[in-house]
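Input: a single structure, listed below in structure tokens.
The values are calculated or read from the model by the stated rules, or taken from the named source; none is laboratory data. Source: prediction; values computed, not measured. With ideal geometry, Cβ positions are generated from the backbone for all residues, glycine too; neighbour counts draw on all protein chains shown.
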Amino acid sequence: MIAFSPRVAVVLQWLITLLMPIVLTLGSLYIFMTPQFIEWQYAQPNFPPAQLFTPQARAYNAIQTVLYTRGEISEQDLINLGVYNEREIKHLVDVYNVSRPIFAFEPIALVFVLAALALMWVNAETKMNAARALFNGGIWTFVFIGAIGLFSVVAFDQFFVTFHRIFFEGDTWLFNYTDSLIQFYPEEFWMTAAYGIALFVLLGAVIVTALGAWLMRQSARTAA
């Protein structure tokens, strides 16, 4: 058993608290950056149709594009689709370069959080720190995602622009209506994805907060 000093336990507690929104958000992205989510979106009766592609071609190319951003097909495979111009290819490469380190960080952060929680929980002196880390992490997630979600609901266009300006240089993410990326992923696609991710993250925050509160009560009873 690893013994923690009170100072180390507090540091771990706050690291978990700060990492929790990131872990929950990136975990939700895994759900929405999938072929299944694209197929579900395209099957909705009010989803806008593509003007330049058949439903079959649109679904195939959109799914292959998502597989590229997940690192499951190569850049040459993406080019070989023959549906993107040079500007679109450059943007998708930028998306890949942003998403890969983010998704590489997710399992590292998740393992750290789970390991730190487990190690603190098996030590009687630090059980309360583990419980508080979960509870505070859930609350911080509510604040973090709630603020972003409110911004996106009130002003989605501005939220969309701000998001892209943070992660991408210049105006490389702006496209014409006739460009394939807009044909495959219209604004409605991104609105549904953003709201869905926020919903999943908030659901995770509810579970984490409730679990933390329950463990705090259990720890307090044990210590009494």
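All conditions in (1) more than 19 Å from Thr192 (Cβ to Cβ); (2) at pLDDT below 80; (3) of a type in the set (Val, Ile, Thr); (4) surrounded by 13 or more Cβ atoms within 10 Å (Cβ to Cβ) hold for Ile166, with the sole exception of (4). Of all residues in the stretch 51-92, those being over 20 Å from Met33 (Cβ atoms) and polar (S, T, N, Q) number 6.
Screening Ala115 on (1) under 30 Å from Thr222 (Cβ atoms); (2) buried (at least 19 other Cβ atoms within 10 Å of the Cβ) shows it passes everything except condition (2). Listed by first and then second residue, the pairs linking a residue in the stretch 118-135 that is surrounded by fewer than 20 Cβ atoms within 10 Å (Cβ to Cβ) to a residue that is assigned to a helix (DSSP H, G or I) and among the basic types (Lys, Arg), with Cβ atoms under 6 Å apart and 6 or more places separating them unless they lie on different chains, are Trp121/Lys127.
If you go through the stretch 194-219 and keep only what is surrounded by fewer than 19 Cβ atoms within 10 Å (Cβ to Cβ) and not aromatic (Phe, Trp, Tyr), you end up with Gly196, Leu199, Leu202, Leu203, Val206, Ile207, Ala210, Leu211, Ala213, Met216, Arg217, Gln218.
Show me the helices (runs of 4 or more DSSP H) found entirely inside the stretch 46-127 where at least 2 residues are at pLDDT 95 or above and either at positive phi or among the small types (Gly, Ala, Ser) (or both).
55-69
Taking the conditions exactly as written (part of a loop (DSSP other than H, G, I, E, B), at pLDDT 70 or above and of a type in the set (Val, Ile, Thr)), does Thr141 satisfy them or not? Taking the combined requirement at face value, the residue does not satisfy it.
Condition check for Thr178 on (1) touching a residue at least 40 places away in the same chain (Cβ under 8 Å); (2) surrounded by 15 or more Cβ atoms within 10 Å (Cβ to Cβ): one failure, at (2).
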